[in-house]
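Shown next, in structure tokens, is the structure this report addresses.
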Amino acid sequence: MAVYFHGGAPGLQPGDIIRPAISLGINKIRTPNQPRYNPRRVYITRLRWYAELFANGSSGDVYEVKPVGRALPDLDAKGSFCCSCAEVVAVVARHPVPMPDRARRLFAPGQ
């Protein structure tokens, strides 16, 4: 079974449901790095360090999660997926430190 991670809001516990930004009243503006961002989806990844980058950006935490419903590939980021919601399975890291050297490799040509 695939393991998925999510980096986001701090303080969640196993069993909590991560909901899409729009259901929380958050309207995130798209960025050049995420042209297909959909606020109606929750984004998850198989790469723990990638979730750590997002958690660090929001002063959040990293969670092991399982998608609720079908996980579809995220066309903006290799190794990432989106789903309608995700359930927290475990807390992996509280306020992690990102790994920029690995982040650069994610977007490197030919990777």
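The values are calculated or read from the model by the stated rules, or taken from the named source; none is laboratory data. Only a predicted model underlies this, so the values are computations on that prediction, with no experimental measurement involved. Cβ placement follows ideal geometry from the backbone for every residue including glycine, while neighbour counts extend to all protein chains displayed. Side chains are part of the model used for accessible areas, which takes the heavy atoms of the whole protein and leaves out ligands, DNA and RNA. Shrake-Rupley method; radii C 1.70, N 1.55, O 1.52, S 1.80 Å.
Of note:
- Candidate set: the range 9-31, residues that are closer than 13 Å to Arg41 by Cβ and modelled with pLDDT of 90 or more; chosen: the one surrounded by the most Cβ atoms within 10 Å (Cβ to Cβ): Ile18
- Inside the range 32-42, residues that are at pLDDT 90 or above and among the charged types (D, E, K, R) make up a count of 1.
- Complete set of residues in the range 80-105 that are modelled with pLDDT under 90, of a type outside the set (Lys, Arg) and surrounded by fewer than 16 Cβ atoms within 10 Å (Cβ to Cβ): His95, Val97, Met99, Pro100, Asp101, Ala103
- Taking each residue of the range 1-13 that is without any contact (Cβ under 8 Å) to a residue 24 or more places away in the chain and looking for partners that are in a loop (DSSP other than H, G, I, E, B) and among the polar types (S, T, N, Q) with beta-carbon atoms closer than 6 Å, six or more apart or interchain, yields nothing.
- Taken over the range 54-69, the residue count meeting the criterion of being part of a strand (DSSP E or B) and either open to solvent by less than 60 Å² (accessible area, probe 1.4 Å) or of a type in the set (Val, Ile, Thr) (or both) is 7.
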